[in-house]
Amino acid sequence: MPRFVVSLLPVPLTLAFQLAFWSLIRPFGLFLFVQAIYISSWIGGLYSGLVSTIASAVIVFYFFVPSEWAFLPVEPRHLLVLTLFTILGVVISLFHERFKQANRALGESLAQGRRTNGLLRRANDEVSRLYEKTKEIDELKTQLFAGVSHELRTPLTLVLGHAERLIASAATDAAVHRDVEVIARNARTLVHYVDDLLEVTKLEARVVEPEYTETDIARLTRFIASQYEKSASAKGITYVLDAPNALRGEVDAPRLERVLSNLLSNAFKFTPESGHVRLTMRDDDASERLVFEVADSGPGIPPNKRDLAFEAYFQRRPTSGVAGPGVGLSMAIARALITLHGGSIRIADAPEGGALFVVELPRNAPSGKVVKRIATAPPREAVRVEAPTSIEDPAQPRARTAELSGREDRPTVLVVEDNPDMNDAICEALRGEYRVATAFDGKEGLRLALELVPDLVLTDVMIPQMSGKELVHALRAHPALSTTPVLILTAIADDEARVRLLREGARDFLAKPFRLEELLARVESAVAQSRAERAIRTLSAQLEAVSLASMSVAEAVARLPRESVEAVLHTIAAQAQTLTGAEYVAVGFGIDPEKTFDPWIFVGMSEEQAAAIGRLPRPVGVLGIVARGDEAMRMRDVRRHPAHRGLPPGHPEISSFLGVPIRYRDRVVGHVYLANKRGADEFTEADQTVVEMLAARAGIALETAHLYEAEGTGRAWLEAVIEQLPDAVVLLDASGRVSTLNRAATTLRGQDDGRRDPLGNPLPFELHLPNGDLLPPEQIPYIRAFARGETVIGMDLSIRKASGELLPVSASAVPIRGPQGELSGATALFRDVSAQKELERMREEWSAVIAHDLRQPVGVISLAADLVQQAHLGPAAAAKHLERIRKANRRLKEMIDDLLDVTRLESHRLTITPAKMDVAATAREVCDRIGGSCAGHVVSVRQSGSAPFAWADVGRIEQVITNLITNACKYGQAGEEIRVDVDGRADEVEVSVTNHGRGIAPDELPRVFERFMRSEKSRSSGIEGIGLGLYICKGLVEAHGGRIWVESTPGETTTFHFTLPARPGDRQRNQIPPRG
């Protein structure tokens, strides 16, 4: 308003001035007022200009147009001038208004430009920061390779070194010599696994570059192939090598050796005895590429698994269903090394009947690469290929005679273990007190158990032919073995799996590696309990309810044009006949026994036969029972059914019969009838399942035909596409009502519990969050899209199906807007992501496999060392070697446990079991237990505050306190006290571990809880460790709903603090979440 008033001031000022000097400027009465209008519109805009124009016209008309100081009389020419003056004033006002708008738009554009420039600068800064972070991560990875390699190889080197000295010693007797060879063999196996793990990590980090040399590739190929001649001879395999006499090329020879060795090992592993293995090498002159083929006569790889075969941790499963030895990395390493050379690898069907691996590599190195020139192929001593002396078929364990050994009057123990070294070591330990029988696979173990009825079955989990879990089920299925105790040997450190095994019938479990004393104690306890109880506890059979969701059927099938119905139904009948081998098939609609089926379509019977029969059948007799029933009916001989009324004259004889209903929205609208299965006495359950699926899809085909004819091809095609989409689709109309649920959505619908969404629709699905909680109705994707206009992409949810199963889905939703932007509905899509979840499950399964294969050799080394010690080794030097082996083995077990804990943390599969615990008492127990390993330190526990009770998992909190005290011992100053403070509060308990020493640098404090983080001083000081302890501590504390942090003053003290909740609360989780 003040600006508007100021903009009008030029008019009265001009009037005053002109009145004062009118005698001088007469007769130009309009001139100065034009300037006043210009100034007014420039200051106030359009409205000020218009007001000034009108005021100026009135003033000039009154004061300065003759006759002056009056409105009348007036001459026409003066009116014309005033009109032109008014038009000029309006034009000036409009001009200034447009000019001001242009200025405002320009100002906004400049402001937007400045904001955009600011965003670009911030984005550029963020990119720079991320680049620096990436460089830092790459450097940490490089340090990790060196650290992990050193930390894992050091104890393995000690084990191998001392074992080889004992083997070479003349003072070692035969029994001890055999046990030490077991130690050395398993240590070398562990070295091989560690090498594979480190190689995959380096290849994924792209820190490996090929080193090209000019070499005779044909000679190198023949030498690698020769390493497997012994394996071929041992298994009776026909082994063929096809390679030229000489062929020079430029390749990274050691890595080519590894590729071919991996492929050959894989071929021999999966080829049965008396099978065929072929290695072919040739030169493709046209493309200047080398082609290698490795073929076998094994089980092959299905086409749908061939892409997965090159993924890390994937293992081919033989017919036994149990993966063979190894960690599933050889094919991933082979593909990575081939890709590194610019080559390719693929899988096909071999002429020999198994798998064919085809490798293509460039014959020459890329231009610009350094190539070492050598005159001949590398000597044999330089080749690093270590082919195994024997390669076992995972589907066919080595044939061993399972004989009873030990005293006949002693309890019988059956040992089922596929690893020969572990099997021999266990049997050797038990023979003194028990009769021992051995088996190397699950089926053989079950046969011996039924034959011997042992007092105890001691079995591994991962065994060929029949897994340990399946063996437990099979034993419990036989009354004579239903109470026989089963002791599970497992290297899988998974608490949930152990609990499941105990619930499913196992008596106890023993984790590998285990001590000899512990094995004997558990066996003795289990056998004694078995002989004392003798009571039968039958495990109730678990019935898995399978609910088949209804498929969509046409809503008005009776109103469809007859020609379309008959064509569709004839196709359905013909498909049913092809799939099941039925002689006669008919499709009929109707349930009224007084009326014939309408329509009634049949195949398998000629028109002459149909004409001889006469009228169409009615739903009576067996057909009537099926037509009015709600379930499929399958019988061996329909003629023996009480409702059978016979057949009309001229009808062919029928015996076997199958009737399947066609449903629409839980209502039966028709049936498919089949008779006389060719080549069999009756239809099988598989036939029934196929026909039920076909009948469910029949409705879709019928509805599609109806849509094409009744509503036009375009709309019908779109609705048919939506209906037949594999993803569940929910459509909302403009009023927010659910207008469409496609077939897939109907299949996923659960029981109607009467709940409604915020828009008043019945909830189509029971949606759950990833943690299992119900999704709040206001968070349903289509509600967010319709009510808030939000776009939801890839929301992780689960749908509870009618069977009770939770199906993982990825949900997306978008609002639908009309041409003017108005909201006209919303659409939501729910995609089944169970396949992706299965890939995640494969990664978790790898944790179990790697646990088994890493712990297996460690367990064998530990057990063999115990046996050597019991054998009274003799010389002090030998005893010293043995003690070093055991010490290195314990260190190796600790590092493997840490690596497996990290794997479970990152796959959020590590669980906690909280309960009320005394934190101060736990801390004292930990200090008492590890006090001897903290030589040079006094460890004390001090308690303050209220009662130090927390709601936590005792075992996991012991692990946290142990890690923190061990760190304090490692990095604390010798001779100084290590203090553990426990402060009890109303809602939480705080634990602090303080040591005196050099402390942690300030710039390293923010990263102290990261994976593999070790300070510069700790790396340079030679202190053992791979930097996982604090990372694990953080994951465990946060899973309890607590916090963990560190305070450090360099050169003085370092204190690690963590808190635990005093009682159960929302902060606590039973499962470790994924960590970013």
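The values are calculated or read from the model by the stated rules, or taken from the named source; none is laboratory data. Everything quoted here is computed from the prediction, not taken from an experiment. Every residue, glycine among them, receives a Cβ derived from its backbone with ideal geometry; neighbour counts consider all protein chains shown.
Figures for the structure shown
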{"quantity": "Index of the failed condition, Leu873 passing every other in (1) surrounded by 20 or more Cβ atoms within 10 Å (Cβ to Cβ); (2) at pLDDT 70 or above; (3) more than 40 Å from the chain's Cα centre (by Cα)", "calculated": "(2)"}
{"quantity": "Close pairs (6 angstrom Cβ cut-off, 6 or more residues apart or separate chains): closer than 17 Å to Arg346 by Cα in the range 247-272, of a type in the set (D, E, K, R) and modelled with pLDDT of 85 or more anywhere", "calculated": "Ala267/Asp296"}
{"quantity": "Condition check for Glu97: among the charged types (D, E, K, R), surrounded by 10 or more Cβ atoms within 10 Å (Cβ to Cβ), more than 39 Å from the chain's Cα centre (by Cα) and at pLDDT 75 or above", "calculated": "yes"}
{"quantity": "Of all residues making up the range 23-43, the number that are part of a helix (DSSP H, G or I), of a type in the set (A, V, I, L, M, F, W, C) and in contact (Cβ under 8 Å) with a residue 12 or more places away in the chain", "calculated": "8"}
{"quantity": "Sole residue being of a type in the set (Lys, Arg) and within 31 Å of the chain's Cα centre (by Cα), chosen from Arg503, Arg447, Arg435", "calculated": "Arg503"}
{"quantity": "Neighbours by Cβ (under 8 Å, 6+ apart or cross-chain): first from the range 798-820, assigned by TED's automatic domain parsing to the domain that holds Gly750 and more than 19 Å from Leu732 (Cβ to Cβ); second part of a strand (DSSP E or B) and among the basic types (Lys, Arg)", "calculated": "Leu806/Arg800; Leu807/Arg800; Ser810/Arg831"}
{"quantity": "Residue match in the range 451-462 (condition: in contact with a strand residue (DSSP E or B) (Cβ under 7 Å, 6 or more places away or on another chain), closer than 23 Å to Asn419 by Cβ, surrounded by fewer than 19 Cβ atoms within 10 Å (Cβ to Cβ) and at pLDDT 85 or above)", "calculated": "yes"}
{"quantity": "Looking only at the range 395-424, and only at residues there that are surrounded by 18 or more Cβ atoms within 10 Å (Cβ to Cβ) and either on the phi > 0 side of the Ramachandran plot or hydrophobic (A, V, I, L, M, F, W, C) (or both), the one that is modelled with the lowest pLDDT", "calculated": "Ala395"}
{"quantity": "Every residue from the range 1014-1050 that is surrounded by fewer than 18 Cβ atoms within 10 Å (Cβ to Cβ) and modelled with pLDDT under 85", "calculated": "Glu1016, Lys1017, Arg1019, Ser1020, Ser1021, Gly1022, Ile1023, Glu1024"}
{"quantity": "Options Leu867, Leu905, Leu892, Leu863: the member that is hydrophobic (A, V, I, L, M, F, W, C) and at pLDDT below 70", "calculated": "Leu905"}
{"quantity": "Answer residue from the range 964-1004, given it is at pLDDT 90 or above and among the polar types (S, T, N, Q) and is surrounded by the most Cβ atoms within 10 Å (Cβ to Cβ) among those", "calculated": "Asn995"}
{"quantity": "Residue identified as at pLDDT below 90 and part of a loop (DSSP other than H, G, I, E, B) among Ser803, Ser810", "calculated": "Ser803"}
{"quantity": "Scan of the range 207-232 for residues that are within 14 Å of Arg278 (Cβ to Cβ) and part of a loop (DSSP other than H, G, I, E, B), ordered by number", "calculated": "Tyr228"}
{"quantity": "Tally, over the range 426-443, of residues that are among the charged types (D, E, K, R) and surrounded by 20 or more Cβ atoms within 10 Å (Cβ to Cβ)", "calculated": "2"}
{"quantity": "Residues satisfying the stated conditions in the range 428-443, i.e. of a type outside the set (Gly, Ala, Ser), within 13 Å of Gly468 (Cβ to Cβ) and not in a loop (DSSP other than H, G, I, E, B)", "calculated": "Lys443"}
{"quantity": "Within the range 588-602, considering residues that are part of a loop (DSSP other than H, G, I, E, B) and under 22 Å from Val568 (Cα atoms), the one farthest from the chain's Cα centre (by Cα)", "calculated": "Thr596"}
{"quantity": "Selection from the range 626-646 of residues that are part of a helix (DSSP H, G or I) and either on the phi > 0 side of the Ramachandran plot or touching a Ser or Thr at 6+ places or on another chain (Cβ under 7 Å) (or both)", "calculated": "Val638, Arg639"}
{"quantity": "Qualifying residue in the range 950-958 (condition: more than 20 Å from Tyr1031 (Cα to Cα) and either in the same structural domain as Glu1038 (by TED's automatic domain parsing) or assigned to a helix (DSSP H, G or I) (or both))", "calculated": "yes"}
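A quick yes/no check of all residues on (1) surrounded by 14 or more Cβ atoms within 10 Å (Cβ to Cβ); (2) at pLDDT 70 or above:
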| position | (1), (2) |
| --- | --- |
| Ala20 | no, yes |
| Pro27 | no, yes |
| Val34 | yes, yes |
| Ile39 | yes, yes |
| Gly49 | yes, yes |
| Ser56 | yes, yes |
| Tyr62 | no, yes |
| Glu68 | no, no |
| Pro73 | no, no |
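Conditions (1) surrounded by 20 or more Cβ atoms within 10 Å (Cβ to Cβ); (2) out of contact with any Pro (no Cβ under 8 Å at 6 or more places or on another chain); (3) over 27 Å from Thr689 (Cβ atoms), marked per residue:
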| site | (1), (2), (3) |
| --- | --- |
| Val568 | yes, yes, no |
| Gln577 | no, yes, no |
| Ala582 | yes, yes, no |
| Gly604 | no, yes, no |
| Arg618 | no, no, yes |
| Gly646 | no, yes, yes |
| Pro652 | no, yes, no |
| Phe657 | yes, yes, no |
